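Reading through the structure tokens given below for one structure.
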Amino acid sequence: MATSPPAEIGMRLEDIDTPALLIDLDSFERNLRRMVDSLRGLPVRLRPHAKTHKCPQIALRQIALGAVGVCCQKVSEAEALVEGGVNDVLVSNEVVGARKLDRLAALAHRAQVAVCVDDAANVDELDAAARKAGVRFDVLVEIDVGAGRCGVAPGRPALALAQRVLGRENLRFAGLQAYHGAAQHLREGSARRAAIGAAVGRVRDTVQLLADHGIGCTWVTGGGTGTYLLEAASGAYQEVQPGSYVFMDADYARNLDAPEASPRFELSLFVLTTVMSRPSVDRAVVDAGLKASSVDAGLPLVHDRPGLIYAQATDEHGILRAAPGAALPTLGEKLLLVPGHCDPTVNLYDWYVCVRAGRVEALWPITARGAVG
Ligand code: PLP
Ligand code: MN
């Protein structure tokens, strides 16, 4: 059951209860538009990744600005998105097991649903679930273009899987999922260019091999916030699927500028926290620990307070230290933190508190929060 929101519409920023997950609406809206503007004139569709925000209200805003639909990673996320009014969802991931596949098939009655595969037995399982429900899935064969996560090897293994999909009555071979996750946070633009250059080569070889066997492939999708302009400009991809650009985070902020790979997006997601203890002269304790901001990609940063360092996170507490010459905040003071990694931080909250000019303008439920199955 969702908790009640930590704020009311019209409230001043200072009065919001903490910890709370804030969206700076001006920066967020500029990020949405910057994405669309950056793709103008490039031969690709935009299908943003909803794993970042887990919120149909944001997905619908992205679609209103021109996105063709959204991606998600989990069936439960797809359910929340369709329930919230999204009618075109790509599960950019493998879905394994009859129970989940039955749910995915049920969704295909209500929305356009596509899914990825990287295994022959899973193709059969998908077909059986689709037949049972009386639907047809769009299926993308996922190839590993260098990330070393899911996906069959490019070339012959991908061809074999595409042929298997083509042989199944309740499946339609739709194209290739070719996302290079490991490239997104390579700090140097040259490293991102090299990684995506190699990925594009693997895509091209696979599309050519499919064509040599009479299989057309007009839907190649991939690309995240760190590299999507490289995929978009390659000519080998017809769709990009960036997610984090809506919010950004401390980890993405550490990427060096590489305008050919990605424009600079603004930080728009913050954790509002309160100093709850000042037990000694050299430390302040805030009420946002690792249950309020994910630490997998590094600790949060204290926003706009030079010299204040978030030094340590425990379950419910964060320890702040001050650099020489900087003053620690007083008891009860509120601070903004920039999460290390936006996606897992979002998954910790039931509500976005949307703020503009220091006031709460909207409260959006994060309906796919905790939807990890
Ligand atoms: N596509 C897939 C398959 C992903 O796993 C992710 C994120 O991990 C994305 C797209 C979006 O990447 P980002 O949030 O870096 O833009
Ligand atoms: Mn992420």
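The values are calculated or read from the model by the stated rules, or taken from the named source; none is laboratory data. Keep in mind the model is a prediction, meaning the values are calculated, not measured. Backbone-built Cβ (ideal geometry, glycine too); neighbour counts: all protein chains shown. Just the protein is used for accessible areas: all its heavy atoms, side chains included, with ligands, DNA and RNA removed. Shrake-Rupley method; radii C 1.70, N 1.55, O 1.52, S 1.80 Å.
Give me P(r) over segment 138-243, computed from all C-alpha to C-alpha distances, binned every 10 Å, as integer percentages.
Answer for segment 138-243: a P(r) of 16, 50, 26, 7, 0 percent.
What value in Å³ per residue do you get for the convex hull of the alpha-carbon atoms in segment 94-196?
Looking at segment 94-196, the number lands at 100 Å³ per residue.
What whole-number value in cubic angstrom gives the convex hull volume per residue for the C-alpha atoms of segment 42-247?
Spelled out: Cα convex hull of segment 42-247, divided by residues, is 102 Å³.
With the crude spin-label approximation of a point 7 Å out along Cα→Cβ, what separation in nm comes out for D102 versus D37?
The two pseudo-label positions are separated by 5.0 nm.
Normalised by the residues of segment 164-252, what does the relative contact order come to in percent, with Cα pairs under 8 Å and at least six apart?
Values: 110 pairs, mean separation 26.1, N = 89.
Once divided by the residue count of segment 164-252, the mean separation gives 29 percent.
By per-residue mean of other Cβ atoms within 10 Å, what is the highest-first order of 135-146, 163-174?
135-146, 163-174
Where the centre of each part is set by its Cα atoms, how far does segment 15-58 sit from segment 287-308, in angstrom?
One Cα centre to the other: 21 Å.
For n ≥ 4 DSSP H runs only, could you compute -39500 (n - 2.57) per run for the chain, divide by its residues and tell me the 222 nm figure to the nearest 500?
The per-residue figure over the chain is -8500 deg cm²/dmol.
Restricting everything to alpha-carbon atoms, can you work out Rg to Rh for segment 16-140 with a Kirkwood hydrodynamic radius?
1.04
For the chain, what is the accessible area per residue in Å², given a 1.4 Å probe and the full set of protein chains?
40 Å²
Sorted by packing (mean other beta-carbon atoms within 10 Å per residue), highest first, where do 288-295, 6-13 land?
288-295, 6-13
For the chain, what is the number of Lys pairs with C-alpha distance below 14 angstrom, counting only pairs 8 or more positions apart or on separate chains? Can you show the working numbers first?
Values: K51/K74; K54/K74; K74/K100; K100/K132.
Within the chain, the lysine pair count is 4.
When the convex hull of the Cα atoms of segment 60-107 is projected onto a plane and the area is averaged over all directions, what value comes out in nm²?
Computing the convex hull of the Cα atoms and averaging its projections yields 3.1 nm².
What percent do you get for the relative contact order of segment 42-247 when only Cα pairs under 8 Å and 6+ apart count? The partial results should precede the final answer.
Values: 417 pairs, mean separation 40.8, N = 206.
Contact order relative to length: 20 percent.
Sum up the charges of everything whose Cβ sits under 12 Å from the Cβ of T345, counting Lys and Arg as +1 and Asp and Glu as -1, but leave T345 out. Let's see the in-between values first.
Details: positive: K54, K291, R369; negative: D249, D251, D296, D343.
Local charge sum for T345: -1.
Please turn the phi angles of segment 301-308 into ³J(HN,Hα) values with the Karplus equation 6.51 cos²θ - 1.76 cosθ + 1.60 (θ = phi - 60°), one per residue in order, whole Hz, x for glycine and proline.
9, 7, 7, 6, 9, x, x, 9
Would you calculate the volume per residue, in Å³, of the smallest convex hull containing every Cα atom of the chain?
Given the Cα convex hull of the chain, per-residue volume reads 132 Å³.
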